[in-house]
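The values are calculated or read from the model by the stated rules, or taken from the named source; none is laboratory data. Every value quoted in this text rests on a predicted model; they were computed, and no experiment measured them. Cβ atoms come from the backbone with ideal geometry, glycine included; neighbour counts cover every protein chain shown. Surface accessibility is based on the protein's heavy atoms, side chains included, excluding ligands, DNA and RNA. Shrake-Rupley method; radii C 1.70, N 1.55, O 1.52, S 1.80 Å.
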Amino acid sequence: MIEIIDLTKRYGNFTALDSLHLQIEKGTVFGFVGQNGAGKSTTFSILATLLAPTSGTAFINGYNILNEPKMVRRQLGYMPDFFGVYDQLKANEYLHFYGASYGIPFSERQNLIPQLLDLVNLTHKQDSYVDLLSRGMKQRLCLARSLIHDPEVLILDEPASGLDPRARVEMREILKELKHMGKTILISSHILPELAEMCDCLGIIDQGRLVAEGSVSDIQDKLKGERVIIVKIIGEIEKAAQFFEDDPNVSKLSIGEAENTMQFTYKGTDYEQTELLKRAINHKIAISSFSEVETDLEDVFMEITRGVELS
Ligand SMILES: Nc1ncnc2c1ncn2[C@@H]1O[C@H](COP(=O)(O)OP(=O)(O)OP(=O)(O)O)[C@@H](O)[C@H]1O
Ligand SMILES: [Mg+2]
């Protein structure tokens, strides 16, 4: 598990991270979302013990990043948002090199490395020079590298950035597999809907501060408090629209372009919503569909980072 306590990083007068508090339980996939410069990579570098915080600390599986960095590194697989230069190394040699630097004996590496290459779908490229791999392949190789010592916690800085749609889907599948292996994963991205699909929880960071945290639906609920409902009916749409419009929780009702549909904003509770549906049916409105529109996560993200107060 990851526990971040009051973590602050200043560069001169500039505060890049401001009293960050966060607890991520074992086995959770946690998505860290924020705009450019929000402080994601700064946080990750500190957790990976590559950058010293100005104040505060963090614990990885109970080990303090400040005074137990070696133990922390043993728990952690870190995938940075940049690649190094690899002089004339082939993909499997590259993994052997990192494996050896973690003290993994050659015989063990001989079993392990094919498995890792298989996990990240690079078996066919094991004898290719790293520099000649495509960006997406380098990213997957980097992920394999971060897994070489079988760490329990993974910190992945924008693993899907710059990937084409197919490569992103593949990366998502790999992450799903890692989650099934029980790893605790902290992952950053700008692509909020994608993160939401693979994460259990989200944290939104803005100008070095955590401005929202919780499950994806928690974050949506906190911000919205109201939902959009689409109703499709058989029969007279105007009469049905009048019925819904009379409900005090209904606003912004509009009749859709699609035949016999209407849309409105609803601010009642779940219970009130079911009562509304019951009353509509009792009122002999022939409803063929009554559904809530998923809130667009990008909108939520934009609203939160625009300084909307969350209760
Ligand atoms: N060495 C440094 N000296 C001064 N300022 C720095 C340094 N490193 C980072 N910063 C600043 O700290 C802030 C946070 O940077 P960070 O790289 O953590 O953002 P990020 O959320 O990872 O952004 P991105 O989405 O662009 O990767 C930025 O304003 C950045 O300019
Ligand atoms: Mg970054």
Kindly write out, for the stretch 250-266 in residue order, the coupling ³J(HN,Hα) from the Karplus curve 6.51 cos²θ - 1.76 cosθ + 1.60 (θ = phi - 60°), rounded to whole Hz, with x marking Gly and Pro. 9, 8, 6, 6, 9, 8, x, 6, 5, 4, 6, 10, 9, 9, 8, 8, 10
Along the positive direction of the dipole of the chain (beta-carbon charges: Lys, Arg +1; Asp, Glu -1; about the Cα centre), which of Ile281, Ile255, Leu195 reaches farthest? Leu195
Would you pull out the residues with amide H under 5 Å of Ile205's amide H, same chain only if 5 or more places away, H placed 1.01 Å from N? Val33, Gly34, Val211
Accessible surface, per residue, of the chain when the full set of protein chains is kept, probe 1.4 Å, Å²: 51 Å²
State the percentage of accessible surface on the chain attributable to carbon and sulfur atoms; use a 1.4 Å probe and exclude ligands, DNA and RNA. 49 percent
Of the listed links Lys125/Lys176; Lys9/Lys176; Lys239/Lys278; Lys70/Lys90, those spanning more than 26 angstrom between alpha carbons are Lys9/Lys176; Lys70/Lys90
Based on Cβ point charges of +1 for Lys and Arg and -1 for Asp and Glu, what charge dipole magnitude is obtained for the stretch 9-103 about its Cα centre, in debye rounded to the nearest 20? 140 debye
Dipole magnitude (debye, nearest 20) for the stretch 95-144, charges at Cβ of Lys, Arg, Asp, Glu: 180 debye
So, over other residues within a Cβ distance under 12 Å of Ser55, counting Lys, Arg +1 and Asp, Glu -1, the net charge is 0
Which of the peptides 45-55, 281-291 is most tightly packed, and how do the rest follow, judged by the mean count of other Cβ atoms within 10 Å per residue? 45-55, 281-291
The chain: D in µm²/s via Stokes-Einstein (Kirkwood Rh, Cα pairs, 10 °C, 1.306 mPa s)? 72 µm²/s
Burial order of peptide ranges 72-83, 113-124 (average beta-carbon count within 10 Å, highest first): 72-83, 113-124
